[in-house]
Amino acid sequence: MTERSATEADPELTGEAERLRMVMIRLRRQLHRRDTLGLSIELYSALATVVFRRGLSMGELALAEHLPPSAATRLVDRLEEAGLVLRRPNSRDRRGVLVEATPAGRQRLAERKRIDNIWLAGRLGLLTPDQRSTVSRALDALEAAVLRDPQTSEATADPPSPPDLPDPLAEVAS
């Protein structure tokens with residue numbers, strides 16, 4: 001099946017896409033309101049990329065976050081001011097710098113994920129077993145569809161937790 005342009009989209013699919021988009025917007029807002037740690041979604045996204053990628057250049061961060069280099073620099077400036085990342089010289093390119101997460105940055109990301117996952121698990125707990133099964137199947141399908149998107153790569157997808165951080169889902173599941 002080939003992708004159609006937005007002007008050719010099936011009206012039923014467009015309606016479902018609108019519902020999904022609105023749910024995602026509301027979910028983002030609810031998660032953001034619950035954030036007691038004080039970082040924007042954009043800053044958390046950049047921090048997660050830095051934590052996962054461990055020592056990436058500003059250009060690599062800009063690509064991963066789909067940002068112009070100047071915007072990536074501003075995000076790193078804010079994360080550095082908060083003590084969550086640091087810049088260090090790039091040994092392969094003396095003109096460049098690498099961005100790395102500090103222990104405080106890794107901890108802040110882990111705490112945010114833990115808080116968000118507990119809240120989301122509580123929401124999922126309000127569903128019936130059949131509804132949860134449906135959500136699980138829908139997530140499988142959506143993940144597959146997103147990974148098929150030629151404009152998205154695994155490097156830009158939400159990274160898994162780094163090995164040195166505890167898996168916050170394990171706490172929720174038990």
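Nothing in this text is a laboratory measurement; each read-out follows from the coordinates by a stated rule. Because the structure is predicted, anything quoted here is derived from the model rather than measured. Glycine also receives a Cβ, built like all others from the backbone with ideal geometry; neighbour counts cover every protein chain displayed.
Calculated FRET efficiency, Val146 to Val97, Cβ-Cβ distance, R0 = 22 Å: about 0.10 to the nearest 0.05. Each part reduced to its alpha carbon centroid, the stretch 38-64 and the stretch 105-131 end up 21 Å apart.
Each peptide in 83-93, 55-65 was scored by the mean count of other Cβ atoms within 10 Å over its residues; highest first, the order is 55-65, 83-93.
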